[in-house]
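Enquirer: If you scroll down you'll find the structure; I have some questions about it.
Rule-based calculations on the coordinates, nothing more; no lab input. Just so we're clear, the structure is a prediction, and the values are computed from it rather than from any experiment. Neighbour counts are summed over all protein chains in view; Cβ atoms, including those assigned to glycine, are modelled from backbone coordinates with ideal geometry.
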Amino acid sequence: MTKSNSIDTRGVARSSGPSYQSVIASDRVAAPSVLSEVAYEWIDNDEIDIARYVSQEYHDLEAARLWPKTWQMACRLEHIPNVGDFYVYEVCDVSLIVVRSSDHEVRAFHNSCLHRGTALAEGSGNKQLIKCPFHGFTWGLDGQFKGMPAQWDFPHIDRDDFCLPEAKVALWGGFVMVNPDSSATPFEDYAAPLTDHFKPYPQEDRYLAHHACQVVDANWKATQEAFMEGYHVSTTHPHTLRFANDLDCAYDILGSNVSRLLQAVGIPANHLIDEVSQAEVASTMQKMLPKDHRQTVPEDVDARAWLSDRFRASLSEQWRCDLSHTSDAEMLDSIQYFLFPNFSPWGGYAIPITYRFRPWQNDPNKSLMEIMRLHPIPRDGEFVTAQAHWLEPGESWANAPGFEQLGIVIDQDMANLPLVQKGLRAAKQKNLNLSDYQEVRLRHFHQRLNETLAD
Ligand code: FES
Ligand SMILES: [Fe+2]
């Protein structure tokens with residue numbers, strides 16, 4: 001293998017089209033300042049071994065060292081609105097009972113009875129006491145021990161010192177974030193600057209409108225990485241090139257655990273700029289709106305400005321909220337953030353989703369992919385929290401409520417993944433060969449993974 005560039009030119013090359021920052025600089029309604037930041041840095045991580053996607057040994061290492069000590073999104077606050085509501089979050093052998101322990105407090109307990117280890121809860125529901133189903137050891141919602149049958153037989157147990165072990169909990173943007181490691185770095189430090197970047201579109205003002213899940217025949221990292229770059233768009237989603245730029249996406253490494261992708265939408269891919277008119281961009285993209293929200297496209301249309309008006313009006317009506325203050329970028333673009341190791345909330349309003357990826361049980365060849373749609377809370381405050389919709393393996397995402405349009409694009413991504421895993425298992429080469437710029441988020445992710453597993 002040859003290297004044509006010296007170290008000091010790695011990551012410098014760019015596509016010849018308009019940068020994301022130049023697109024938003026000429027928008028009619030200015031984007032939030034965080035979207036103008038450029039925070040790319042080349043990451044010297046050329047040797048990402050394929051074994052990490054296919055070996056049980058590597059999976060077991062992640063089970064022992066990654067999931068038990070990183071911050072992860074367990075659920076939304078809407079899942080546990082009332083005191084006593086609980087939601088069990090699980091990944092590999094980690095199992096946490098996330099509980100609304102009081103009006104203003106959420107706790108997360110390790111889901112293992114202090115008697116003989118039985119799991120104390122499954123799924124979700126409401127309980128005022130956490131009582132083991134085996135012999136009846138019981139704890140309060142604050143984790144304090146309440147008692148057991150035949151207490152005379154346990155003289156060695158100090159009730160006051162017999163609390164359920166707790167994970168760390170942080171509330172951000174309506175998400176319940178958990179870290180099984182009680183000595184972990186505080187979430188605010190771990191996640192910087194994610195929380196600052198989301199100030200223009202507070203996620204706590206949203207609710208879980210739709211939630212779909214599917215077990216995928218690929219390692220969780222391969223599944224996640226299929227959604228971290230725009231490089232695959234021209235081959236996997238060619239129809240989108242007529243209204244979304246692909247090779248000029250911006251990639252930023254914003255913090256130790258945070259990266260992002262920004263894609264300009266409402267303009268064609270750069271190589272189609274002479275072929276696709278502004279009117280075609282506008283008419284193609286407005287097909288995403290309900291029929292009675294579409295309008296005749298003016299001949300001299302500025303597609304980005306016109307489309308952002310159309311989407312602003314339509315989504316305000318569909319979601320019963322006021323989006324009149326939003327910028328063009330927030331109404332149209334893909335603004336995708338990532339928090340190591342597996343949480344990807346999107347900014348703006350165009351695609352109001354959040355991804356979460358996990359291994360499926362303890363199989364390195366399978367993963368669980370979830371997408372949550374978070375819509376603004378309507379002005380009347382009325383909403384229903386979505387139940388998770390489980391798609392069968394291989395079933396179209398367009399079958400999931402709320403994913404009728406986006407599902408077609410997700411299906412294109414999903415079609416690749418079994419082939420990715422099959423090819424990784426068949427590989428004779430030792431490493432991946434990632435690009436310097438467009439796949440920098442993968443480089444960064446694996447750098448953090450290496451560091452975490454080495455600790
Ligand atoms: S295992 Fe829980 S009470 Fe016995
Ligand atoms: Fe894709």
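Enquirer: Please identify every one of the GluC sites (Glu not before Pro) in the stretch 274-367 that sits in a loop by DSSP and has no more than 11 other beta carbons within 10 Å of its own beta carbon.
Expert: Glu275, Glu299
Enquirer: Something else now. With n ≥ 4 as the cut-off for DSSP H runs, can you work out [θ] at 222 nm for the chain, using -39500 (n - 2.57) per run divided by the number of residues, rounded to the nearest 500?
Expert: Rounded to the nearest 500, it is -6500 deg cm²/dmol.
Enquirer: Could you give me the ³J(HN,Hα) list for the stretch 135-145, computed from phi with Karplus coefficients 6.51, -1.76, 1.60 and θ = phi - 60°, whole Hz, x at Gly and Pro?
Expert: After applying 6.51 cos²θ - 1.76 cosθ + 1.60, I find 10, x, 4, 9, 10, x, 5, 8, x, 6, 6 Hz.
Enquirer: Please report the net charge: other residues with Cβ closer than 10 Å to the Cβ of Arg379, K and R +1, D and E -1.
Expert: Once all neighbours under 10 Å are counted, the net charge is -2.
Enquirer: Please identify the cysteines of the chain that lack any partner cysteine with a Cβ under 4.7 Å from their own Cβ.
Expert: Cys75, Cys92, Cys163, Cys213, Cys249, Cys321
Enquirer: To continue, here is another question. Just need the relative contact order of the stretch 72-183 here, percent rounded to a whole number, with Cα pairs under 8 Å and 6+ apart.
Expert: Averaging sequence separation for qualifying contacts and normalising by length gives 26 percent for the stretch 72-183.
Enquirer: Take every DSSP beta bridge with both residues inside the chain and express the antiparallel ones as a percent of the total, to the nearest 5.
Expert: 95
Enquirer: Right, another one. Under a point-charge model restricted to the Cβ atoms of Lys and Arg (+1) and Asp and Glu (-1), what is the dipole moment magnitude of the chain relative to its Cα centre, in debye to the nearest 20?
Expert: 660
Enquirer: So if I take the centroid of the Cα atoms in the stretch 390-407 and the same for the stretch 97-137, what is the distance between those two points in Å?
Expert: Measuring centre to centre over Cα atoms gives 32 Å.
Enquirer: As I understand it, the dipole of the stretch 72-183 uses +1 on the Cβ of Lys and Arg and -1 on the Cβ of Asp and Glu, about the Cα centre. Which of His135, Phe162, Phe175 lies farthest toward its positive end?
Expert: Highest projection toward the positive end goes to His135.
Enquirer: Which ³J(HN,Hα) values in Hz, rounded to whole numbers, follow from the phi angles of the stretch 285-296 under the Karplus curve 6.51 cos²θ - 1.76 cosθ + 1.60, where θ = phi - 60° and Gly and Pro get x?
Expert: Each residue of the stretch 285-296 in turn: 6, 6, 5, 6, 8, x, 3, 7, 9, 8, 10, 5 Hz.
Enquirer: Please give the Cα centre distance for the stretch 231-269 versus the stretch 326-370, rounded to the nearest Å.
Expert: 14
Enquirer: While we're on this one: With axes computed from alpha carbons, what is the tilt in degrees of helix 56-65 against the longest principal axis of the chain, rounded to the nearest 10 within 0 to 90?
Expert: 70
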